[in-house]
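The values are calculated or read from the model by the stated rules, or taken from the named source; none is laboratory data. Values in this document were obtained by computation on a predicted structure and should not be read as measured data. Here Cβ is always computed from backbone atoms with ideal geometry, including for glycine, and neighbour counts include all displayed protein chains. Only protein heavy atoms, including side chains, enter the accessible area calculation; ligands, DNA and RNA are left aside. Shrake-Rupley method; radii C 1.70, N 1.55, O 1.52, S 1.80 Å.
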Amino acid sequence: MRVLIRSFQQQGDQRIATERGLIGERLTIGRGTNQDVYTPDLRAALAHAEIVHDRRGPLLIAKSANGVWINGAPVESAKLEAGDIIEVGRFRLEVLAVGGVPELVLGYEEKLSQAADLQARKASLKTRLSHTRLSLRGMAWGLMLLMLAVGLLLPLALRYGSSPAGETPRDRSLAQSGIPFDDSVWLSGPVSSVHRYFVEDCAACHEKPFRQVRDSACLACHKDMAQHSDDPAILDHPAFSGQQCTDCHREHNGTHGVNAQSPTLCTDCHANPDKEFAAARLAPASSFSKAHPEFAPRIAAFDAKTGKFSFAKQRQPPATLREATNLIYPHDVHLNPKGIDSPEGKVVMQCADCHQPDSRGVSFEPVNMEKHCSSCHRLDFDPDDPDRELPHGRPEQIQGVVRDYYYAKALQGGVMDGKAPAVVRERRRPGETLPRDGARAALDWADGRARQTMVDVFERRTCHYCHQVQRSDDPSKPWTVAPVNLQEHALDGSRFDHAAHQAQPCSDCHGADRSKTSADVLLPDLNSCRDCHGDTGSDRQVPSACTLCHAFHIAGSHHFGGPAKGPKPDDAVHGAGSAKPAKAPGAAPKESPK
């Protein structure tokens with residue numbers, strides 16, 4: 001049977017057609033790379049269908065249990081006529097002509113790209129209002145009437161309804177609230193914005209008139225507010241056991257919030273922590289500009305025997321620190337202002353090419369190879385097929401891909417390699433099978449070529465550029481690649497908002513353009529922060545209270561108003577930084593600097 005396949009491809013406004021002819025007893029269709037019509041779609045089987053020619057003409061036979069769709073209907077087999085449409089996943093084959101010379105002419109076209117097909121399937125899963133048989137206009141009128149009743153008519157009826165003679169709506173409102181007169185004259189200042197929503201409900205905080213707010217009123221809403229430490233000895237200390245919410249949080253002082261900004265709330269204890277809290281092992285901190293300890297980032301160490309990372313805090317200038325990453329990445333090379341070589345020519349890279357802000361603008365999205373590195377560091381492995389690339393994954397996965405690739409090439413034949421056996425170099429018709437000795441010779445060649453390629457990939461030109469690669473004695477895993485550590489939160493005892501510093505160049509804080517190894521800890525030191533930030537009350541620098549970077553409610557298991565919840569952390573000593581800081585009420589959490 002002679003078949004002409006006419007492939008269509010859209011390039012801009014033009015539809016380009018290419019043709020190729022095939023001669024054989026059958027035409028195979030499927031996802032397998034050995035098929036005559038290759039349809040790389042997961043909805044297609046490796047051998048999805050085949051077309052044979054009998055006395056009636058071309059006959060399509062399904063090889064998949066799901067059948068084949070022709071003209072919008074599934075069939076097991078069908079005689080093909082001109083105009084028939086065969087659908088295989090996102091690919092469409094149209095029977096352009098039947099009979100004559102050649103006996104069959106097929107049109108082959110990809111209906112949608114892989115990305116567009118995935119987007120279309122996602123869109124089909126969305127439920128729209130029209131699917132629920134509800135009227136958009138009816139719902140709009142219903143919601144409008146409901147809002148009119150709840151937001152206007154009901155309040156009007158309650159406020160201006162029938163009342164005793166001489167009683168005004170204001171008098172009635174005051175009587176209903178239990179307050180005998182307008183108490184606005186007693187307000188010491190405006191209510192904070194976070195409490196503004198219940199500003200008329202004074203009893204929510206002031207449980208009794210003319211009495212200071214008690215902790216029970218605060219804990220009615222803030223039930224799970226964490227303590228300052230998980231160490232019982234610290235919580236039993238008078239500095240904490242007699243502490244009340246109002247010692248730090250003051251209301252009626254403006255709309256900006258209820259957190260007190262006085263540094264003495266922290267420095268009363270932290271100026272000389274050894275005096276009362278020696279077990280906490282804290283460095284003294286009495287002033288950010290003059291007496292604040294150096295940063296203590298978490299530094300990673302790698303144990304080659306266990307293949308795991310361990311982390312320990314080290315309090316010294318970051319420029320003197322080195323940590324294990326198992327990654328070979330010189331920042332200075334990639335940030336060379338003259339540019340670096342790439343497949344597209346010279347490229348001048350910026351920090352933002354890899355470090356992209358997350359959705360909150362506080363920290364950064366993780367760096368990954370496919371998104372940030374693959375444009376320059378290609379994973380191709382066969383010079384004869386430069387568009388075929390390896391997955392960026394485990395070594396055993398890569399070995400399987402390489403072996404399968406060369407097995408397929410050897411069995412298909414037509415390999416342009418003068419050193420290959422004749423059975424590998426000779427071309428074969430589709431569906432032709434090899435004798436046992438020929439297949440064995442082809443697979444032996446494929447094994448040898450795969451081993452040679454994997455040595456090249458792991459040890460010479462691909463993996464070893466960026467990773468720590470070692471040979472292994474395990475024949476099933478000839479190579480091991482050390483895991484990579486790219487920690488994003490090295491200063492877990494503090495928080496840092498990159499969005500608030502986006503006007504600053506990255507180089508002001510991170511000396512990446514001078515870093516020659518990924519072991520460098522590219523964090524700013526304390527003096528870098530002091531260039532802009534000063535103590536509370538400073539008139540030449542940004543006034544910065546302790547709470548700008550540090551949280552108070554950082555206990556992992558102990559909460560106000562209740563017993564300890566869950567097991568005590570291994571390092572729960574106050575100030576050790578092992579407990580995750582609790583999220584401040586009404587504020588998004590902030591991340592530590594990279």
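Brief remarks follow.
- Of everything listed in (1) in contact with a strand residue (DSSP E or B) (Cβ under 7 Å, 6 or more places away or on another chain); (2) over 21 Å from Gly511 (Cα atoms); (3) among the hydrophobic types (A, V, I, L, M, F, W, C), the single unmet condition for Ile299 is (2).
- Unique residue being surrounded by 18 or more Cβ atoms within 10 Å (Cβ to Cβ) and either among the small types (Gly, Ala, Ser) or at pLDDT below 90 (or both) when the list is Leu491, Leu434, Leu486: Leu491
- Extreme residue, least open to solvent (accessible area, probe 1.4 Å), among residues of the stretch 410-422 that are within 24 Å of Gly30 (Cβ to Cβ) and part of a helix (DSSP H, G or I): Ala410
- Qualifying positions in the stretch 341-353 - within 16 Å of Ser515 (Cα to Cα) and either under 22 Å from the mean Cα position of the chain (by Cα) or β-branched (Val, Ile, Thr) (or both): Gln350, Cys351
- Looking across the stretch 293-312 at every residue that is closer than 30 Å to Ser472 by Cβ, of a type in the set (Gly, Ala, Ser) and assigned to a loop (DSSP other than H, G, I, E, B), the one that is most open to solvent (accessible area, probe 1.4 Å) is identified as Ala304.
- Qualifying residue in the stretch 461-475 (condition: without any contact (Cβ under 8 Å) to a residue 60 or more places away in the chain, among the small types (Gly, Ala, Ser), on the phi < 0 side of the Ramachandran plot and outside the structural domain of Gln356 (by the TED database)): yes
- Complete set of residues in the stretch 180-208 that are open to solvent by less than 100 Å² (accessible area, probe 1.4 Å), at pLDDT 75 or above and within 12 Å of His252 (Cβ to Cβ): Ser188, Gly189, Pro190, Val191, Ser192, His195, Val199, Cys202, Cys205, His206
- The set of residues from the stretch 381-399 being closer than 16 Å to Gln452 by Cα, surrounded by 14 or more Cβ atoms within 10 Å (Cβ to Cβ) and not acidic (Asp, Glu) comprises Phe381, Leu390, Pro395, Ile398, Gln399.
- Yes/no for Gly142 being more than 23 Å from Gln10 (Cα to Cα), in contact (Cβ under 8 Å) with a residue 40 or more places away in the chain and of a type outside the set (Phe, Trp, Tyr): no
- Being over 29 Å from the mean Cα position of the chain (by Cα), farther than 21 Å from Asp303 by Cα and open to solvent by less than 70 Å² (accessible area, probe 1.4 Å) is a property that does not hold for Ala499.
- Every residue from the stretch 348-380 that is open to solvent by 50 Å² or more (accessible area, probe 1.4 Å) and either touching a residue at least 60 places away in the same chain (Cβ under 8 Å) or not in a loop (DSSP other than H, G, I, E, B) (or both): Ala352, Asp353, His355, Pro357, Arg360, Pro366, Val367, Glu370, Lys371, His377
- Residue within the stretch 215-228 that is closer than 25 Å to Asp535 by Cβ, at pLDDT 80 or above and in contact with a Phe, Trp or Tyr (Cβ under 7 Å, 6 or more places away or on another chain) present: yes
- Set Gly72, Gly83: member being over 41 Å from the mean Cα position of the chain (by Cα) and farther than 26 Å from Arg429 by Cβ: Gly83
- Which listed residue is part of a loop (DSSP other than H, G, I, E, B) and modelled with pLDDT of 85 or more, from Arg211, Arg315: Arg315
- Looking at the stretch 221-270, the helices (runs of 4 or more DSSP H) lying wholly inside it that each contain 1 or more residues that are without any contact (Cβ under 8 Å) to a residue 40 or more places away in the chain and closer than 14 Å to Phe552 by Cα sit at 238-241, 264-270.
- Residue match in the stretch 146-169 (condition: touching a Cys at 6+ places or on another chain (Cβ under 9 Å) and at pLDDT below 60): no
- Options Glu365, Glu344: the member that is touching a Cys at 6+ places or on another chain (Cβ under 9 Å) and not hydrophobic (A, V, I, L, M, F, W, C): Glu344
Each row is one residue, and each column tells you yes or no for (1) assigned by the TED database to the domain that holds Phe458; (2) closer than 30 Å to Cys466 by Cα.
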{"site": "Cys354", "(1), (2)": "no, yes"}
{"site": "Pro366", "(1), (2)": "no, yes"}
{"site": "Asp385", "(1), (2)": "yes, yes"}
{"site": "Ile398", "(1), (2)": "yes, yes"}
{"site": "Val401", "(1), (2)": "yes, yes"}
{"site": "Lys409", "(1), (2)": "yes, yes"}
{"site": "Arg427", "(1), (2)": "yes, no"}
{"site": "Glu432", "(1), (2)": "yes, no"}
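- Summed over the stretch 508-558, residues that are under 31 Å from the mean Cα position of the chain (by Cα), open to solvent by 40 Å² or more (accessible area, probe 1.4 Å), outside the structural domain of Glu488 (by the TED database) and among the hydroxyl-bearing types (Ser, Thr, Tyr) total 1.
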